[in-house]
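The values are calculated or read from the model by the stated rules, or taken from the named source; none is laboratory data. Source: prediction; values computed, not measured. Here the Cβ positions follow ideal geometry from the backbone for every residue, glycine too, while neighbour counts run over all protein chains shown. Remember, those area values only see protein heavy atoms, side chains included, never the ligands or the DNA or RNA. Shrake-Rupley method; radii C 1.70, N 1.55, O 1.52, S 1.80 Å.
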Amino acid sequence: MNKFLRYIPSIILSFLTTFSFAQNTRTVITGRVLDSETRDSEAGAVVIIHRDGDNLAYSVTDTTGAFSLNTYASGPLTLRIENMGRKTIEQELAAAGGTIDLGEILMESDAEVLKESSVSALRTLVKIDADRLSYDVEHDIDAKSMTALDLLRKVPMVTVDAQDNITVNGSSSFKVYVDGRPNQMLSNSPSQMFKVMPASSIKSIEVVTNPGAKYDAEGTGGILDIKTMGGSAGAMVKDGIYGTVNGGIDTRGRYDGGISLNAQKGKWSFGANIHGMHEKMDGVESSSLMEYLSTSTRINSLTTGTVNKGSGMFSNLTVGFEPDTLNLFNLSVGMNRFSRKNSGGEGRTTYTVSGVEMPELGYTQQVDGDMSMAFVNASFDYQHSFAGNRDRTLTLSYQYSGNPSKNNNTYKIKHYDGLEEERVSLMDDITSEHTFQTDFTTPIGKGQTLSSGLKYIFRHNSADDAYNGTPSVYDYYNHIGAAYAEYSATIDKLVMTAGLRYEHTFQKVDYDLADKNFDINYGNLVPNASLQWNISQTGNLSLAYNMRIRRPGIRSLNPYVDRSDPTSVYYGNPDIQAEKNHRISLAYNLATPKVVLSMKLRERIGKGGISEYSFYKDGVLNTTYGNIVNHSSTGLDVYANWNINNKTRLYMNGDLDYNIYHGDMLDQHNAGWDSGIFAGFQTSIFWDMRLSLNTFIHGGDITLQGHSDPFQFGMMGLTKTFFNDKLSVTVQGATPLFSRRLTIHEYSVGKDFSNETIVKIPVQSVGFNISYTFGEMRSGGKKVRRGINNDDIEQNTSDGSIIPGGTGGAMGM
């Protein structure tokens, strides 16, 4: 293991020699490293070019075992390849410019090293490419005990605030995929779904930070792609079966469990997983103070005793068939479901007018809620590679998805004079869509690639709602056609990308009242461009620009008026239009086996932004949506990781943003700072146990009409593995810092009202998790390179180490 300590001087020398040989001819050295017995991919192997002991270039193999290095040295060189538990390979080369393709390089196991290694060395957790980064959840020890929502706090360019609202790349508008497929339920309710999804069911998380022309024009922040355990057929290259069984329980009333499987048989590959959970939380307390300035009225509300019960299920099946080396078929089906029930909450509301208590206006209420949602999807992809050039591919894809949801609430109200009434709100919504897509990618010269494609989406959103028996029926139809082209080129140390996408949208809306029906159509031309300079084999600078749009979803469009709360009403706005956002970013990335630093400075400008807002009218607080916000944001994201030795790492993930909001329609303006930092360390202690300590500090949020206060909490985990790491047992705990309950404190202000809300949640817990892995994993299988990515609807929420690019793709965002 000590040989890995040599890499720091190697990196420094690599940086210096990059410039010292700048006047010489460049030689590109490529290859793919495989296991000598199974021919599995050797991901994470260190590849070094040296001469007489002086290291000239450095890289790390990607998940397929591939690598690519550049050197300006000429004459005889030596290639050295090292990986944990493997015999070191050295091979002599003669560099004279051009490309040297070494083909497949086979590594053998080092039995002596494996015998001496009682604790696995820390492996790289983060890989950054030109337009995305990938976080290796599977090999993060915290994944044994965290939920997916907790783990997202560790992922670079992702933040989670006090209300569990998620932002990606500084924006709350983003899309969520599962195994490369868009998932509407996760996109519409990411906080709820990630909170109930165990991190142990996830293999990796990809963050697409700079979506190119091939992606839909929507999703202003980017894309989260959740790669599940067993979710990708083609994960093996040798006949066999591999799987993981896991389960957990904690003192808050949560228990979960599931199984993931991968299998290979000849030309067929299979992947499957199913996970379920149930949780119960009581002791939640909420209070609010609403003040209407024009009438000098203060309304105090307090609700206690609410019991929340939730359950969820995630499942999918993928099948891959590769009849020959030029053709590949993939089929995927999946179903996710989540439900939550709230009951037993006792609320009391009192009124004060001009400083005088008005008991005759007060009331008590009991709220019972029942919410459920599901997501069903089926997709099929066919990819053909051309015999003359394997990098020239044609992909045909189809996908169906359905997303039914229900949200029923019953308010039992007892007034001061003894009069009792019941208010019932029933919401039954469904979204279904069919997507057809074709993509073509071809090399057009040395280091140059052209991609193009066509796409058509038919989406139908329907709502059948009712308040106290009065129905509200609503249908929203979307036909979206798109065409794109994107060019990329690598010229010496520069990587350039430029693309253009055109989308035309036809929308039609039908209400139960015919006079409200309307239709509209419009087009959007969406450009993107990026420029990356590879400073050395271990670092780069990148500059990127893209424009994104955001279409309204069914919740913000639905005109149904929810009057279940006597003090407020809630409804959508069918007149909302799509918003546009311009983003520019400058990123610097440095990656060595011990030290990682990734910094990104970004600017976002948007006009006519879709936002929820409130106003006071006729003695009631109205909340709806509109294109009311002009928003600019300047932000800095920083991710750092230091592997102190092969047993201990320190890491942090933080962001700092200055936001400026203008709402001319409301005649309101606001500006201020948002911030958050997640930091921790992992280390091996006695008995080969892994200790993990983490803390999250949130500096508060700001919106057009208000802000929220800071909060902090900490987490600890202790993990022990048995039977060559096949069995893993974890004990973990979580607690707010400086208090027994997590307190969320929010403020909002309008022209004629102010509102202060406090929610106290008992999050202290101790939990136990166990997982067992069976079979032998075979990496390096094939997947269709292009597939359907629908990232085109606004979501309905409130607002380690880096592996250097191994196949010619350099780091950057």
Review point. What do you reckon, is ASP674 in contact with a Lys or Arg (Cβ under 8 Å, 6 or more places away or on another chain) and either crowded, with 21+ Cβ neighbours inside 10 Å or within 30 Å of SER134 (Cα to Cα) (or both)?
Key: no
Practice item. Give the residue, chosen from LEU426, LEU394, that is out of contact with any helix residue (DSSP H, G or I) (no Cβ under 8 Å at 6 or more places or on another chain), open to solvent by 40 Å² or more (accessible area, probe 1.4 Å) and under 30 Å from ALA498 (Cβ atoms). Key: LEU394
Practice item. Identify all residues within the stretch 258-298 that are crowded, with 17+ Cβ neighbours inside 10 Å, touching a Ser or Thr at 6+ places or on another chain (Cβ under 6 Å) and more than 21 Å from GLY243 (Cβ to Cβ); write none if there are none. Key: VAL284, GLU285, SER286, SER288, GLU291, ARG298
Review point. Regarding ALA162, is this residue at pLDDT below 75, closer than 24 Å to PHE713 by Cβ and in contact with a strand residue (DSSP E or B) (Cβ under 8 Å, 6 or more places away or on another chain)?
Key: yes
Revision key, fill the gap. Selection from the stretch 165-176 of residues of a type in the set (Ser, Thr, Tyr) and either in contact with a Lys or Arg (Cβ under 9 Å, 6 or more places away or on another chain) or modelled with pLDDT under 75 (or both) yields SER171, SER172, SER173
Practice item. Might you check whether a residue that is closer than 30 Å to THR30 by Cα, among the β-branched types (Val, Ile, Thr) and assigned to a strand (DSSP E or B) occurs anywhere in the stretch 451-464? Key: no
**Study point:** Given (1) open to solvent by less than 50 Å² (accessible area, probe 1.4 Å); (2) within 14 Å of ASN188 (Cα to Cα); (3) out of contact with any Phe, Trp or Tyr (no Cβ under 9 Å at 6 or more places or on another chain), number of the condition ALA374 does not satisfy
**Key:** (3)
Check your understanding: Does ILE249 meet the test of being of a type in the set (A, V, I, L, M, F, W, C), touching a strand residue (DSSP E or B) at 6+ places or on another chain (Cβ under 8 Å), under 29 Å from ALA148 (Cα atoms) and at pLDDT 90 or above?
Key -> yes
Check your understanding: Taking ASN2, is it touching a Phe, Trp or Tyr at 6+ places or on another chain (Cβ under 8 Å), open to solvent by 60 Å² or more (accessible area, probe 1.4 Å) and modelled with pLDDT under 70?
Key -> no
Exercise for review: Within the stretch 680-690, count every residue that is part of a strand (DSSP E or B) and open to solvent by 30 Å² or more (accessible area, probe 1.4 Å).
Suggested key: 2
**Study point:** Residue identified as open to solvent by less than 10 Å² (accessible area, probe 1.4 Å) and either assigned to a strand (DSSP E or B) or modelled with pLDDT under 85 (or both) among THR505, THR490
**Key:** THR505
Check your understanding: Of all residues in the stretch 531-551, how many are open to solvent by less than 30 Å² (accessible area, probe 1.4 Å), among the hydroxyl-bearing types (Ser, Thr, Tyr) and in a strand (DSSP E or B)?
Key -> 2
Review point. Do the conditions hold for THR431, that is, is it more than 25 Å from MET335 (Cα to Cα) and assigned to a strand (DSSP E or B)?
Key: no
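One line per residue, one yes/no per condition, for (1) among the charged types (D, E, K, R); (2) assigned to a loop (DSSP other than H, G, I, E, B); (3) over 19 Å from ASN630 (Cα atoms):
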{"site": "SER556", "(1), (2), (3)": "no, no, no"}
{"site": "PRO566", "(1), (2), (3)": "no, yes, yes"}
{"site": "ASN573", "(1), (2), (3)": "no, yes, no"}
{"site": "LYS580", "(1), (2), (3)": "yes, no, no"}
{"site": "TYR588", "(1), (2), (3)": "no, no, yes"}
